[in-house]
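Heads up, the thing below is written out as structure tokens.
All of the numbers you see were taken from the coordinates with simple rules; none came from a lab. Source: prediction; values computed, not measured. A quick note on method: Cβ atoms are made from the backbone with ideal geometry, for glycine too, and the neighbour counts reach across all protein chains shown.
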Amino acid sequence: SQQGEEDPQALSIQEGENATMNCSYKTSINNLQWYRQNSGRGLVHLILIRSNEREKHSGRLRVTLDTSKKSSSLLITASRAADTASYFCATDALGIHAGGTSYGKLTFGQGTILTVHP
Amino acid sequence: NAGVTQTPKFQVLKTGQSMTLQCAQDMNHEYMSWYRQDPGMGLRLIHYSVGAGITDQGEVPNGYNVSRSTTEDFPLRLLSAAPSQTSVYFCASTPGLARETQYFGPGTRLLVL
């Protein structure tokens, strides 16, 4: 089963509006990451927030993490048509793999499809 | 740097055929992984490697083999293609632990008839 679940599945807004996407997960994590995927392309890393951080900013992006609720949100402010893409959260669950060394594995959510209308 | 490259971009196979999806990175990253992406399923980890000569299974490894003879290359082999393997395949790499930022290739779109 997927570790990260995103909400909403699809979001449609007008240019200039803010877009908020949420991610919930099930087990304790080392960090949570957000990725963006334009149609037909690979994923591009946006931001990483560690389990001991509560909020992080990068340009027009703001990410929050609430480990007590096992949830995160991605806020895109003043959206642009070029922000149209799918957005995925990915979690790295705590654990031991590969012969005893904790390398971690990223688990991706199903994504939120964001459409920004000009 | 070219980053992470994948070939081919698109491939059509018949059921039962075998093929190798190529992945290469020129960033000297230790960790490499293969994902498949299906509609409504997000990305699922197939296999990963923590360095040359070391590989391990991910979430959906059945029907796929991997090897890591060099740091740069991490090919994914489909042994006997099935329609259920129709998907988009992404290779990714990261310089250290898998939990850090991953760099993705552009993907290979595979259609199995």
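Taking segment A:15-93 as the region of interest, the strands (runs of 3 or more DSSP E) fully inside it that hold 1 or more residues being free of Cβ contacts under 8 Å to residues at least 40 places away in the same chain are A:43-50, A:55-58, A:61-66. Residue selection: B:VAL60 satisfies the criterion of being within 28 Å of A:GLU5 (Cα to Cα), of a type in the set (Val, Ile, Thr) and more than 11 Å from chain A (Cβ to nearest Cβ).
Which of the residues that make up segment A:21-55 are away from every other protein chain (no Cβ under 13 Å) and either surrounded by 16 or more Cβ atoms within 10 Å (Cβ to Cβ) or closer than 30 Å to B:ARG109 by Cα (or both)?
As a first pass, look at segment A:21-55 and keep what is away from every other protein chain (no Cβ under 13 Å): A:21-22, A:24, A:26-27, A:52-55.
Those that are away from every other protein chain (no Cβ under 13 Å) and either surrounded by 16 or more Cβ atoms within 10 Å (Cβ to Cβ) or closer than 30 Å to B:ARG109 by Cα (or both): A:MET21, A:ASN22, A:SER24.
Those residues that are of a type in the set (Val, Ile, Thr) and either under 18 Å from B:GLY3 (Cβ atoms) or surrounded by fewer than 19 Cβ atoms within 10 Å (Cβ to Cβ) (or both), I need them from segment B:61-87; list them, please. B:THR70, B:THR71, B:THR86, listed by residue number. Strands (runs of 3 or more DSSP E) fully within segment B:1-102 that include at least 2 residues being within 27 Å of A:CYS89 (Cα to Cα): B:4-7, B:19-25, B:31-38, B:42-51, B:54-57, B:64-66, B:87-94.
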